[in-house]
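Taken together, the values in this text are just the output of simple stated rules run on the coordinates, not laboratory data. Because the structure is a prediction, the values reported are computed rather than measured. Backbone-built Cβ (ideal geometry, glycine too); neighbour counts: all protein chains shown.
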């Protein structure tokens with residue numbers, strides 16, 4: 001995944017496969033606090049929305065133009 005554009009709390013990421021971008025995802029950026037889990041330490045970080053939030057906090061598009069249109073709608 002590669003960040004293409006970010007606006008407010010939303011971003012467009014490209015799914016790269018074989019050197020080409022196949023799909024585009026518009027996602028609401030979420031944050032996780034610093035935490036220890038199963039004996040491993042994780043710094044505070046940004047994360048993707050969970051699968052069950054897809055359709056509300058995450059969307060997949062076949063073209064960058066469609067993804068940018070949705071990003072604009074979500075950030076008005």
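The numbered conditions (1) exposed (fewer than 11 other Cβ atoms within 10 Å of the Cβ); (2) in contact with a strand residue (DSSP E or B) (Cβ under 9 Å, 6 or more places away or on another chain); (3) in contact (Cβ under 8 Å) with a residue 24 or more places away in the chain are all true for residue 74 except (1).
Give the stretch 22-35 a look and list any residue that's surrounded by 10 or more Cβ atoms within 10 Å (Cβ to Cβ), farther than 28 Å from residue 63 by Cα and either touching a residue at least 40 places away in the same chain (Cβ under 8 Å) or within 18 Å of the chain's Cα centre (by Cα) (or both), or say none.
Here is the first cut: in the stretch 22-35, the residues surrounded by 10 or more Cβ atoms within 10 Å (Cβ to Cβ) are 22-30, 32, 35.
Now restrict to residues that are farther than 28 Å from residue 63 by Cα: 32, 35.
Across the stretch 22-35, the qualifying residue is only 32.
Residues of the stretch 2-21 that are farther than 22 Å from residue 73 by Cα, out of contact with any helix residue (DSSP H, G or I) (no Cβ under 9 Å at 6 or more places or on another chain) and surrounded by 11 or more Cβ atoms within 10 Å (Cβ to Cβ): 16 alone. Scanning the stretch 1-21 for residues that are under 18 Å from residue 70 (Cβ atoms) and either in a loop (DSSP other than H, G, I, E, B) or over 11 Å from the mean Cα position of the chain (by Cα) (or both) turns up 1, 7, 8, 9, 21. Among the residues of the stretch 36-62, those that are surrounded by 11 or more Cβ atoms within 10 Å (Cβ to Cβ) and out of contact with any strand residue (DSSP E or B) (no Cβ under 7 Å at 6 or more places or on another chain) comprise 53, 54.
Taken over the stretch 22-76, the criterion of being in contact with a helix residue (DSSP H, G or I) (Cβ under 7 Å, 6 or more places away or on another chain) and not in a strand (DSSP E or B) is satisfied by no residue.
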